[in-house]
Every structure is written in C-alpha cells, then in structure tokens.
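Only one structure is covered here, and it is reproduced in the block below.
The values are calculated or read from the model by the stated rules, or taken from the named source; none is laboratory data. Keep in mind the model is a prediction, meaning the values are calculated, not measured. Glycine gets a Cβ as well: all are built from the backbone with ideal geometry, and neighbour counts include every protein chain shown.
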Amino acid sequence: MAHSPHRRRRWLFPMAVAAMLAISWWAFKRMPTPTLVGHERVASGVTVTSSSSTPSADWTIHLRLDPSMKPPGQGWILHEGKQVGDGYELHWLPEKLGLQILRAPDHLLLGTSRLSRMPRTVEFVRRGPWLMVRCDAKLVLTCLDPLGAPQRDEAAASGGYQAWGCTPVGSMGDTAITVEDDRDQSDADIAADIPSEDDPREHDAVALVRQVLMTDPTKASARDIEAVFGAAAQALSQLPAGSAPHLRLRHWLALGEIQLALARPDDFEGAERASDAVDQLAMLCASEPVPEAAGILMSLFPRLAYNACFRPSYPDPPAHVLGNRSMWMRVLGAAAVAAHANASPAIGDDLQFQLRLLIHACGCLQTPAVKSLKSAADAARDAQPQPSP
C-alpha cells in the first residue's frame, strides 16, 4: 500500500513552529523595556504614582497643553513627589514667559529660562544630577545639581512609591501629562541632550563635589576637610577644560569653600575668608555664567544673615561685635549684588524687588568703619560702639 505524500512532510510543521518560537523569543529579548508610568488629564491637578518601590533618578514628565488655551496661559508646576515641595519642580510664570527649575525641599533655584512665546508641549527630564527642559521639542534649559544624585543604597532605603504630578493655578482644560521611568534605558537612548558624555571622570567629579557640599566643617577635622577638597579639585582638573560639567562643578565647589568659611561666625578670619570666597565666586559667575549661579548665591543668604545678627556666644567688646557683624553684613550684601547681576528676568518681579531691598538694607546696616576700612581686622580695632537712641 502506497504511503500518502503528505506524511513525508509532517516534519515541516514542527520545524516551522520551532522557528516561529525562536524568532518570537529573539524579538521579545530585543524589545525595549516599557517606560510608561502613567498618562492622565490634568484638569485641576493630578498625581501619577509608580508601581515600583525603588525610586528612580531617571525620568521624564511630558506635558501637553490644551490646544485651545490662549497665550500666555496660566501658571502651573510640574513636580517630583506626591505634592508640591517634595522634590524637583518646574514652574511656569506666564507673566514673564519664564520657566524655573527648583529643588523644592530647600527652595534652591537651579535655573531659569525666558521664552519668546507660550509652549504647547513641555518635557521636564531628569538624568541623575542633570535636569533638562524641552519646549516644543527644543532644549531651553539644563541644570546640574550634585546633591540631586543620591547613592543607590540611599535611594533603596527611602522606600515608598515614587510619584510625579502637575499642580495648576486653575483649570487646565484638555491638558494631559505622561510620565516615563527611564532607569532601564541605555545611555545612547536618553543622553542626547545632556551636555556631556558618559564619562567616568564626570561621575567621580560629581560624587566628590557632592561630598564637599555635605561635609560638616563643625564635625570634620581639618585634615579630613583638606582631603575632601583636594580630591574634588583633582577630579575637576581631570575634566575637559570648558566642558559643561567642568564649568558647572566649579561653581558648586566654590559654594563648598564659602560654606566652610561660614562655620565660624565669631571669627574675623572666617568673615574675611567668606568675603574673599564670595568675591571669587562673583568673578567666576561674571566670567563663566551658568544657570545655577544666581541660585547658588541666594542659597547663602540664610546663613549669612544669621552670622550678621546672631547673639555672641561669649562676652565680647561692643566694638568687636559691631565690626564682626558689619563684616558679615558686607559679605551678605556682596552676595546679593552678585545674585542680582546673575539673575534672569524670568525669576519674577517679587524676587528681583527682594534682592534690591536686601542690597539696600545691607548697605544701610553696615557701620561706617566697615564701609571705609579694607579689612575686618581694621574694623575690629576702629569700630566704636554707638550710644543707644
């Protein structure tokens, strides 16, 4: 009995199935990792929460504004965290057509940008220590924050579920946000707009400058402080001169040097060192302006104001106290002048007025001795106590 010709080809079907399974598995392995966290209409405010309990330092918030919204629109805040004040924030100031990036927990202004018109799409992007803003697919602002790059063990220990949101001033109509978690994306996919390459030297420099900024001069020994600053300076010298990371980190390292001088408010030498360091930072900001400059200078205001008016910790001659406080007031005024010179119009009228008022107040509150003499030591010798009115 002759066999059916179809029986001879029964092996073709299993082979075809096996080939299809192999191709499907290969395509699955090469498929990009899903990044979408959520997509929501903003309306009067919205929060998108991640399903992962591990915080991510690489994310993107896409904001698509209602096409029917009339320019300049209304104010809104894109924020990292479940509510305003939890993390990084992007503010839209319609009266200035301005954007501001802030590190909200300590109210640090990281950068501002003034646009020619209201954007229709906005992307707020974080890549470790870098923050970027694209408006209508065009890069308009980049900022570097060394303190915003937590170690992996610190991020894991924080626990909880990460969230992002949009808080508008009023109703946003058909506006919507989309949040993406980019932690598993390759550097080639996500780093096109970062003004630096994936260079280990940059990562080392950011980590060392971060260590400088977190060093407490009241607890660390002089040897440890010298070692930390020396390592950070050495790491910066390894970066290409004039590169974006090199320029930005120089300003942050200068902030660390000023913070070191602020630790001893009773010491005239500390006031002189702080004065010299603020002057050097002001010259650096003038010669190599960066978006972070104004915010770095304004971050000094609270501690400088404290040093200028704190109660002496031990009995001290009135002339010495007046000279010391006036010297700190001069340093505060110099920092305010430099911040005002580096501030973009996009910071808003209120903040510009406050800077001008602070400059005027510092000039009025200095004693004549400090205004006329060159050093704090001379001020201590020549300042005379003024009688009470």
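Scanning the stretch 212-231 for residues that are of a type in the set (S, T, N, Q) and in contact (Cβ under 8 Å) with a residue 40 or more places away in the chain, which turns out surrounded by the fewest Cβ atoms within 10 Å (Cβ to Cβ)? So the residue we want is 218.
Evaluate the stretch 358-370: report whether one residue or more is in the same structural domain as residue 258 (by TED's automatic domain parsing), at pLDDT 50 or above and within 30 Å of residue 141 (Cα to Cα). Break it down into steps so the answer makes sense when it comes.
Within the stretch 358-370, the subset in the same structural domain as residue 258 (by TED's automatic domain parsing) is 358-370.
Filter once more, keeping what is at pLDDT 50 or above: 358-370.
Okay, now just the ones that are also within 30 Å of residue 141 (Cα to Cα), so 358-359.
Yes, there is a match, as at least one residue in the stretch 358-370 is in the same structural domain as residue 258 (by TED's automatic domain parsing), at pLDDT 50 or above and within 30 Å of residue 141 (Cα to Cα).
Taking the stretch 55-88 as the range and being within 21 Å of residue 147 (Cα to Cα), out of contact with any Ser or Thr (no Cβ under 9 Å at 6 or more places or on another chain) and charged (D, E, K, R) as the test, the residues that pass are 58, 80, 86. Tell me, please, whether a residue that is crowded, with 19+ Cβ neighbours inside 10 Å, assigned by TED's automatic domain parsing to the domain that holds residue 228 and not in a helix (DSSP H, G or I) can be found in the stretch 267-285. No. Being touching a helix residue (DSSP H, G or I) at 6+ places or on another chain (Cβ under 8 Å), in contact (Cβ under 8 Å) with a residue 24 or more places away in the chain and under 30 Å from residue 243 (Cβ atoms) is true of residue 335.
Determine whether the stretch 169-191 contains at least one residue that is closer than 30 Å to residue 36 by Cβ, touching a helix residue (DSSP H, G or I) at 6+ places or on another chain (Cβ under 7 Å) and modelled with pLDDT under 90. If you could, list the steps in order and put the result at the bottom.
Of the residues in the stretch 169-191, the ones closer than 30 Å to residue 36 by Cβ are 169-191.
This time we only want the ones that are touching a helix residue (DSSP H, G or I) at 6+ places or on another chain (Cβ under 7 Å), so: 182.
Adding the requirement that they be modelled with pLDDT under 90 leaves 182.
The answer is yes; a qualifying residue exists.
Name every residue in the stretch 203-236 that is within 21 Å of the chain's Cα centre (by Cα) and either among the polar types (S, T, N, Q) or outside any helix (DSSP H, G or I) (or both), in order of residue number. Within the stretch 203-236, 211, 215, 216 meet the criteria. Of the residues making up the stretch 105-114, those that are crowded, with 19+ Cβ neighbours inside 10 Å and either farther than 16 Å from residue 134 by Cα or touching a Phe, Trp or Tyr at 6+ places or on another chain (Cβ under 9 Å) (or both) are 109, 110.
What are the residues in the stretch 239-264 that are among the polar types (S, T, N, Q) and at pLDDT 95 or above, if any?
Here is the first cut: in the stretch 239-264, the ones among the polar types (S, T, N, Q) are 243, 259.
Result: no residue meets the conditions.
The set of residues in the stretch 305-345 that are closer than 27 Å to residue 113 by Cβ and buried (at least 17 other Cβ atoms within 10 Å of the Cβ) comprises 334, 335, 336, 337, 338, 339, 340, 342, 343, 344. It is to be established whether one or more residues within the stretch 312-332 are more than 23 Å from the chain's Cα centre (by Cα), free of Cβ contacts under 8 Å to residues at least 12 places away in the same chain, assigned to a helix (DSSP H, G or I) and assigned by TED's automatic domain parsing to the domain that holds residue 254. Yes.
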